Amino acid sequence: MGTIQFDDVSLRFAGGARPAVNRVTCQINSGEIVVILGPSGCGKTTLLKMVNRLYEPTAGNIFLDGVNIRKLKATRLRQQIGYVIQQSGLFPHMTVADNVAVVPRLLGWDKPQVQARIDELLELVKLSPGEFRDRYPAQLSGGQQQRVGIARALAGDPTTLLMDEPFGAIDAITRTALQDEILRLQGQLKKTILFVSHDVEEALRLADRILVMRLGEVVQFDTPFNLLTKPADEFVYNLLGADDMVRQLGLLRVASAMMALPPNYSNGHNPTLSHCDSLRDALSLILRTGAPALTVLEDGDPVGLLTLDHIRQSAVVGTSR
Amino acid sequence: MSYLMSNPGDVLVLLLQHLRMTGIALGVAIAFAVPLALLVTRLRWLAVPVMGGLGILYTIPSLALIIFLVPLFGLNATSVVVAMVLYTQVILVRNLTVGLAGINPAVLEAARGMGMGVGQRWWRVQVPLVLPVFLAGVRIAAIVAIAIATIGAKFNAGGLGKLLFDGIQTNRYDKIVAGSIAVAGLALVINGLLLALEHYAQPQRRLKHD
């Protein structure tokens, strides 16, 4: 549930010199986080807003779970899709609880159901209902506001979430916390998330796949690792900073580079790390401890060894250009 | 003060006339201002001519404006009420358009993106958000209307102004004082009531100040 299909979608604004979005065809799979990444004016927000029909394509079709969204009533469609925007867009005259309750009420849920849902969602985004329910948005910090924004978007239990640079106006530390929150929630909820960002780090952190756009066109649509190691062109290469080896190492798991344990292995005094840590963590550990090799653990048992040479070899893969 | 004490009945009659004129004028003024403000909000190019026209109207001295209106509406309360409506337009329309324009576009986009229809957006988002600003306009308009209604006594419209003008003509200082106190008191009370209403219409602000 929650697949989004773009079929040759274009949008040319009246008087626009070129289409804001030009012949985009791609599919977002159910339960996937796709980040639309690109410089400002590349059409990423426009593409996003066509999914909930805030903009109508001038050509092509968009399908949500196989249904052409033109066939649905716009308000009904929007009630079924979670929408999070920059600066949260919370209703300043409504309490946190009333903000969260907007879509459930539009959907006509009965009172006890709405009340229960408010508490459930506030718990989910780690805002204690007792403390936050009756506050107004002006009484919250930026990060808390955006948590409410996320809770509000999830309230109607949509299969799909659209997030339009939701953390763009939030300080770096809070932004990282909110990104972790999204990953944690996604682990629990498995929504299809379409997320617009111009922040490469954010895209690399969050995305299962990244849709890179430029001048209204899709340049490349692939996993973060493939974008870094096999960028389609110079633009993608520069946008992602693919020459940044440390960044690449941050995306590679230790398990992909380690060597198997030698038969006569005995763990003397190697520092250890988990098999799902990144090579960047491994590099950091080697530099910090000065140890020649690291022991990789899986569920507490040693499963492999990692040396600086292994890390160097992995980095070479990415510099084949 | 003594006049107020000794003639409460007479003063009350004049007070009610004054209130009636003010009330009718405000009601009519709001009925004109709301659609006008919506039109100006929808068609931005109308803002300059409409606000300019209403602004010019506001600069005409009230006495002169009422005199202009007498040939059209007669020497009675109607002329005065029409003048009050014309004067308050600029205040009401300006506050309403500024209030509507001041709503954070992100909030309106969120409302649309969450699937509210046009009517739901208007009643659940725009009206509650613009209400405090609009009520502030109504409050200022009410004070202006009370002031103009005082002059109405000169045009056979009654009201508390009658005490003032009678007092001046007959050298009755007690009447002048009584009229002044009554008009000022009325203005203060109406201002206070509308201020309370404004405050009440803004739950988010009210809580923040607590």
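The values are calculated or read from the model by the stated rules, or taken from the named source; none is laboratory data. What you see is a predicted model; the values in this text were computed from it and never measured. Because the Cβ atoms are built from the backbone with ideal geometry, glycine has one as well, and the counts that use them run over all protein chains shown.
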For this session: Take the residues in the stretch A:120-158 that are within 20 Å of residue B:114 (Cα to Cα) and of a type in the set (Asp, Glu), then tell me which one is farthest from the other protein chains (Cβ to nearest Cβ).
Result: A:120
Exercise. Inside the stretch A:1-44, counting only strands (runs of 3 or more DSSP E) that do not spill past its ends, which hold 1 or more residues that are in the same structural domain as residue A:186 (by TED's automatic domain parsing) and closer than 23 Å to residue A:228 by Cβ?
Worked result: A:21-28, A:33-37
Exercise. Cβ-Cβ below 8 Å, separation at least six or inter-chain, first residue in the stretch A:293-321 and part of a loop (DSSP other than H, G, I, E, B), second surrounded by 20 or more Cβ atoms within 10 Å (Cβ to Cβ) and at pLDDT 85 or above: which pairs?
Worked result: A:321/A:231
Exercise. Hey, does the stretch A:277-288 have a residue that's assigned to a loop (DSSP other than H, G, I, E, B) and not assigned by TED's automatic domain parsing to the domain that holds residue A:206?
Worked result: yes
For this session: Look through the stretch A:1-37, keep the residues that are among the small types (Gly, Ala, Ser) and on the phi > 0 side of the Ramachandran plot, and return whichever of them is surrounded by the fewest Cβ atoms within 10 Å (Cβ to Cβ).
Result: A:15
Problem set entry | In the stretch B:66-108, residue farthest from residue B:138 (Cα to Cα) [restricted to those that are touching a residue at least 12 places away in the same chain (Cβ under 8 Å) and assigned to a loop (DSSP other than H, G, I, E, B)] | B:75
Problem set entry | The lone exception for residue A:82 - which of (1) touching a residue at least 60 places away in the same chain (Cβ under 8 Å); (2) away from chain B (no Cβ under 14 Å); (3) assigned to a strand (DSSP E or B) it fails | (2)
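For every residue, the table says whether it meets (1) in contact with a Pro (Cβ under 9 Å, 6 or more places away or on another chain); (2) acidic (Asp, Glu).
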position: A:7; (1), (2): no, yes
position: A:10; (1), (2): yes, no
position: A:13; (1), (2): yes, no
position: A:21; (1), (2): yes, no
position: A:38; (1), (2): no, no
position: A:46; (1), (2): no, no
position: A:74; (1), (2): no, no
position: A:77; (1), (2): no, no
Exercise. Hey, any hits in the stretch A:53-70 for a residue that's in the same structural domain as residue A:153 (by TED's automatic domain parsing), closer than 17 Å to residue A:208 by Cβ and either more than 18 Å from the chain's Cα centre (by Cα) or of a type outside the set (Lys, Arg) (or both)?
Worked result: no
Seminar exercise, completed: Reported set for the stretch B:113-156 where residues are under 11 Å from the mean Cα position of the chain (by Cα) and within 14 Å of chain A (Cβ to nearest Cβ) is B:134, B:135
For this session: Taking residue B:175 as meeting all but one of (1) without any contact (Cβ under 8 Å) to a residue 60 or more places away in the chain; (2) more than 22 Å from residue B:32 (Cβ to Cβ), write down the number of the exception.
Result: (1)
Exercise. Hey, among the residues in the stretch A:238-260 that are crowded, with 20+ Cβ neighbours inside 10 Å and touching a His at 6+ places or on another chain (Cβ under 9 Å), which one's farthest from residue A:224 (Cα to Cα)?
Worked result: A:258
For this session: May I ask you to list the residues in the stretch A:46-79 that are in a loop (DSSP other than H, G, I, E, B), within 7 Å of chain B (Cβ to nearest Cβ) and in contact (Cβ under 8 Å) with a residue 40 or more places away in the chain?
Result: A:52
For this session: Report yes if residue B:129 is surrounded by 17 or more Cβ atoms within 10 Å (Cβ to Cβ) and free of Cβ contacts under 8 Å to residues at least 60 places away in the same chain, otherwise no.
Result: yes
For this session: Of the numbered conditions (1) basic (Lys, Arg); (2) surrounded by fewer than 20 Cβ atoms within 10 Å (Cβ to Cβ); (3) more than 9 Å from chain B (Cβ to nearest Cβ), residue A:117 fails exactly one; give the number of that condition.
Result: (2)
Seminar exercise, completed: Going through the stretch A:143-186 in order, the residues found to be surrounded by fewer than 19 Cβ atoms within 10 Å (Cβ to Cβ), small (Gly, Ala, Ser) and at pLDDT 90 or above are A:143
Seminar exercise, completed: Reported set for the stretch A:143-197 where residues are outside any helix (DSSP H, G or I) and hydroxyl-bearing (Ser, Thr, Tyr) is A:159, A:160, A:192, A:197
Exercise. Of these, A:211, A:215, which one is on the phi > 0 side of the Ramachandran plot and touching a Cys at 6+ places or on another chain (Cβ under 8 Å)?
Worked result: A:215
